[in-house]
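The structure appears below as structure tokens.
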Amino acid sequence: MRVLLLGSGGREHALAWKLVQSPLLTELHAAPGNPGIASLGQCHPVRADDSEAVLGLARALHIDLVVVGPEVPLVAGLADVLRVGGVSVFGPSRGAAAIEGSKTFAKDVMAVAGVPTAAPLPEPIAPCVLKVDGLAAGKGVVVCHTQDEVEEGLVELAALGGDLVIEELLEGPEISVFALCDGATCLALPVAQDFKRAHDGDVGPNTGGMGSFAPVPGFDADAIEELVDLTCRPILAELAERDHPFIGTLFAGLMLTPDGPRVLEYNCRFGDPETQSLMPLVEGDLLEALA
């Protein structure tokens, strides 16, 4: 199989490292890629968010499968453009990717699907969590324990633009749950834990991720399946009911509260930095699973 991997970060390097181990792979291409990926396949100077250029590249290279790393192209509808153009892609449609692209949409889907999550709040009064509704590269969340932090957070998030979501503040450790989905069924990957805060001691503003590790102690195969049953399979069923079957990696960020797991957010792709920790743990042929 000829594979085109989209993206340029450590996540994509980890995916490339795993994909080249597949006996099904005949050629690995990346757009735009990075120097690490260039040691494993051929990189092309095409932006992942340039849908028409990606489609043209895939056709020119006779690509059998496009694997999309970052979220921005998916939320913008890249997978739809590729499928309409006759190119197979591992990644959700624009309608399904809204599970990450809009926190309001995700909240509505969770409510209908019966997935436990943080309760919405009518106004920004501490303690609470402020979130930008759309994409913000992992930086659109402010945790507020005091009203001063609320006021500062409102100013900070206003600069990013877009609507605001206000939620109850949950406490507990966070974990990341991943499932490879075909629109109706899913295959669980190991659980990972990442660290978002910018400074030592898990303090400071949120980032896109400062590092991760996997496996997480206490989560064997049975425990992971229970989490996927709770957080992923109901979402798959609800998105399919809405005529937006989810094909790709569904990534649930959970907080383990004293009252049980609660979903903080969904992402529509492999995690960064979690993928770097996960790929060495994945047994078998990743390409076969994605195809």
Any hit, the stretch 2-9, residues being modelled with pLDDT of 95 or more, surrounded by fewer than 24 Cβ atoms within 10 Å (Cβ to Cβ) and of a type in the set (A, V, I, L, M, F, W, C): no
Single residue of the stretch 237-291 satisfying the filter (part of a loop (DSSP other than H, G, I, E, B) and of a type in the set (G, A, S)) that is farthest from G183 (Cα to Cα): G284
Single unsatisfied condition, P73 versus (1) crowded, with 24+ Cβ neighbours inside 10 Å; (2) within 20 Å of C186 (Cα to Cα); (3) not basic (K, R): (2)
Which numbered condition D80 fails, given (1) touching a residue at least 24 places away in the same chain (Cβ under 8 Å); (2) closer than 22 Å to C268 by Cα: (1)
Qualifying residue in the stretch 19-34 (condition: assigned to a strand (DSSP E or B) and small (G, A, S)): yes
Tabulated pairs, the stretch 187-203, first more than 27 Å from L227 (Cβ to Cβ) and part of a strand (DSSP E or B), second at pLDDT 65 or above and not aliphatic (A, V, I, L, M), C-beta under 6 angstrom, 6+ apart or interchain: A198/G204; A198/P205
The stretch 6-24, subset out of contact with any helix residue (DSSP H, G or I) (no Cβ under 6 Å at 6 or more places or on another chain) and among the aliphatic types (A, V, I, L, M), residue nearest to L290 (Cα to Cα): L15
Residue in the stretch 94-104 that is out of contact with any Asp or Glu (no Cβ under 9 Å at 6 or more places or on another chain) and surrounded by fewer than 16 Cβ atoms within 10 Å (Cβ to Cβ) present: no
Filter result for E151 (charged (D, E, K, R) and either in the same structural domain as P258 (by TED's automatic domain parsing) or touching a residue at least 60 places away in the same chain (Cβ under 8 Å) (or both)): no
All positions within the stretch 19-51 that are of a type in the set (D, E, K, R) and under 17 Å from D64 (Cα atoms): E27
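The values are calculated or read from the model by the stated rules, or taken from the named source; none is laboratory data. All values derive from a computational prediction rather than experimental measurement. Cβ coordinates were reconstructed from backbone atoms using ideal geometry, including for glycine residues, and neighbour counts include every protein chain displayed.
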